[in-house]
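For reference, the structure discussed in these notes is given below.
The values are calculated or read from the model by the stated rules, or taken from the named source; none is laboratory data. Everything numeric in this text was worked out from a predicted model, so none of it was measured. No Cβ is skipped: glycine too gets one built from the backbone with ideal geometry, and neighbour counts run over all protein chains shown. When the accessible area is computed, the model is the full protein with side chains, heavy atoms only, and any ligands, DNA or RNA have been set aside. Shrake-Rupley method; radii C 1.70, N 1.55, O 1.52, S 1.80 Å.
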Amino acid sequence: MKMKPAALSAILIAFLLGGILFSDMLGLWITESSKEPAKYTSGQNAGQYNPADIRGSYSFSDISNTFKIPLENLGTAFGVTDNVAAFQCKELESVYSDTAAAGYEIGTDSVRVFVAMYLDLPYQPEDTYLPASAVEVLKNKAELSTEQLAYLESHTYPIPAPSAAPAEPPVQAVQPDPLPTQAAQSEPPPAQDIQPTPTAEHTTASDDKQVKGKTTFNELLEWGVSREAIEGVLGKPFSTTAMTVRDFCSNEGIEFSDVKAQLQAIIDKQ
Amino acid sequence: MKNKKYRSIVQGFFFILIALISTNHVLVEKGLGLSFIPSASLHALCPFGGVVTAYNLVTAGIYVQKIHQSAVVLLAIVLFLSILFGAVFCGWICPFGSFQEWLGRLGKAILKKKYNHFIPEKLDQYLRYLRYLVLIWVIYVTAVSGKLIFNTYDPYHALFTFWSGEVAAEAIVILFATMLLTLFVERPWCKYACPYGAFLGITNLFRIFKINRQEKSCISCKRCDRECPMSISISDTKTVKSSQCISCLNCTSEVSCPAADTVRFEATKRREQA
């Protein structure tokens, strides 16, 4: 049976467009994310939406609807006044591009941190900064632990309106700490001036052996944690040492905060 | 050239369709979209997304970031078409392949007979395997990281989104390099670097419709070789099984072969003329 160009043209268009239409009728033609983050699978927050799964494509409206945070609070926190509902998290990177250039990233992870602190949900930030306006909203609307306040003090960037030049970062160096919830309070840090003081130096995990979001398996092995110990904590083997522990946990559906705590305990015992 | 217009029409149709939908998607995100045009990201419309996410989907039940179910649907449709017709997606549908062909006409017009003859044949033979290395690398790094690593280097994505601010500098560089090469070599990305083309090319080994050349009626004019956008030597083969064949039908008697019923795209084995 010979196939001529005219017939092939018709077949290709029919199959492609027809296939798409048919899949759409079956509900299989999905071209965007569900705008619904994953939920915690274990612990006291099991079943609740996990802010760690907030994607850059989520709009403030998606976050407001999912996490039940008033839209105006999100807008006020991140200095968004126009079309707050449709504003996507990933747009923060371009809005706050000046701060990124100065080395203080404000983006989707800032929203994750904000939501986690607003709702007192566990979340491991990646050395993330928040604008001063977001910190104000959190102080007014959320019940923050002393650890959370300390984290905010060291990770707040004083932001003027996005069109203005960024403020110069103060030079006081403060070591960033992990972000615990109120339920896990430890000894409060010394009293500090609440004025925003971003770190002047960014220490890497390899300098202080702190397990963070960007810590890779390579780093853990270099710190003397055996592969057996790591896999014992994870409950499964890992192959790619260049991968971050957090990404591995995300791919495998494992709660990173639990893994982090156990690995940190192993490191601290050494 | 007889019947060549059908492929041009189909190529133009899909190029414009993809351009419209992906552009509208970016505009929708900025609050400026047109409601009467569908909106979807380029990743949602690319069947290669289904290839790169397959490992994560099968092993962990999750999609790689930016990839959606539509990519898997497209993968299935294109795979079905490929089993029938080989890498026909490359020759008729892929907007980036079409773009290279159109740009290549400029190179042909300027360089005339020198066009597409800059790379020595021996070197060209080995370079054709490069795209398989790209395919293996892309699948591996995506599977391990769960992220769309290839997006950073993808010139197809850069072509349609360079104006949106969401494209990596590396992809822009590769796009411009491809465009420059296209002025000297026909379809350079398809021949040497495209991972999806590498994947689909495998189906040419067992496609149901094959390109057969009738030796008895062939006049050995080598017109088929000159018309082939992938520089395959058709004049000395009975059945084209090359993984580089994009099933464009340019070599067939329906399009450019001057001998009637000699080079055919058909579903039976090569038949001897009576």
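Assign one of three labels to segment B:134-227, namely rounded, prolate or oblate, based on the Cα gyration tensor with a ≥ b ≥ c the square roots of its eigenvalues; rounded applies when a/c is under 1.5, prolate when it is not and a/b is larger than b/c, and oblate otherwise. It comes out oblate by the Cα gyration axes. Quick check: the distance between the Cα centres of segment A:64-121 and segment B:90-115, to the nearest angstrom? The distance from the Cα centre of segment A:64-121 to that of segment B:90-115 comes to 45 Å.
For chain B, the longest principal axis of the alpha carbon atoms and the long axis of helix B:4-29 meet at an angle near 10°. For chain B, the longest principal axis of the Cα atoms and the long axis of helix B:130-145 meet at an angle of about 20 degrees. With 25 Å as the limit, the listed pairs A:Lys39/A:Lys212; B:Lys5/B:Lys216; B:Lys112/B:Lys222 have B:Lys5/B:Lys216 beyond it between alpha carbons.
Restricting the trypsin sites (Lys or Arg not before Pro) of segment A:6-78 to loop positions (DSSP other than H, G, I, E, B) with no more than 12 neighbouring Cβ atoms within 10 Å leaves A:Lys68. Only protein heavy atoms count here; under a 1.4 Å probe, B:Arg105 has an accessible surface of about 130 Å².
Among A:226-232, B:191-197, A:130-136, B:222-228, the peptide with the highest mean count of other Cβ atoms within 10 Å heads the list, and the full ranking is B:191-197, A:130-136, B:222-228, A:226-232.
Segment B:9-41 and segment A:211-270 have Cα centres spaced 43 Å apart.
Mind running the shape call on segment B:67-215? Use the C-alpha gyration tensor, a ≥ b ≥ c as the square roots of the eigenvalues: rounded below 1.5 for a/c, prolate if a/b tops b/c, oblate otherwise. Oblate, because a/c is 1.5 or more while a/b does not exceed b/c.
Residue by residue along B:136-149, Cβ atoms of other protein chains within 10 Å of the local Cβ number 2 on average.
Leaving out ligands, DNA and RNA, what percent of the accessible area of segment B:1-148 is carbon and sulfur, probe 1.4 Å? The nonpolar share, carbon plus sulfur, comes to 70 percent. Overall shape: oblate for segment A:62-137, with the ratio a/c of the largest to smallest alpha carbon gyration tensor axis at 1.5 or above and b/c at least equal to a/b. Segment A:24-56 and segment B:184-229 have Cα centres lying 44 Å from one another. Net charge dipole, segment B:1-131: roughly 740 debye, given to the nearest 20, about the Cα centre with Cβ charges of +1 for Lys and Arg and -1 for Asp and Glu.
Can you list the lysines whose alpha carbon is less than 19 Å from that of B:Lys191, not counting same-chain residues fewer than 8 positions off? Those lysines meeting the cut-off are B:Lys108, B:Lys114, B:Lys122, B:Lys241. Treating each Cα of the protein assembly as shown as an identical point scatterer and summing with the Debye formula, the log10 of I(q)/I(0) at q = 0.09, 0.11, 0.12, 0.13 Å⁻¹ comes to -0.77, -1.02, -1.14, -1.27. Ignoring aspartates and glutamates fewer than eight residues from A:Lys2 along the same chain, the ones with Cα atoms less than 16 angstrom from its Cα are B:Glu254, B:Asp261, B:Glu266, B:Glu272. Using a 1.4 angstrom probe on protein heavy atoms only, the contact between B and A buries about 3100 square angstrom of accessible area, both sides summed. For A:Lys269, give me every one of the aspartates and glutamates with a C-alpha distance below 15 angstrom, ignoring sequence neighbours fewer than eight places off in its own chain. List returned: A:Asp208.
As a calculated quantity, the FRET efficiency between B:Ala19 and A:Ala46 at R0 = 56 Å, using C-beta atoms, amounts to about 0.80. Computed over chain B, the percent of Cα pairs more than 23 Å apart is 55.
Once the Cα-Cα distance is subtracted from the 0.36 nm per residue extended length, the A:Ala85 to A:Phe238 segment shows a gain of 51.1 nm. Solvent-accessible surface of segment A:20-164, taken per residue with a 1.4 Å probe and all protein chains present: 42 Å². Sorted from greatest to least, the principal axis extents spanned by the alpha carbons of segment A:10-114 come out as 55, 38, 25 Å.
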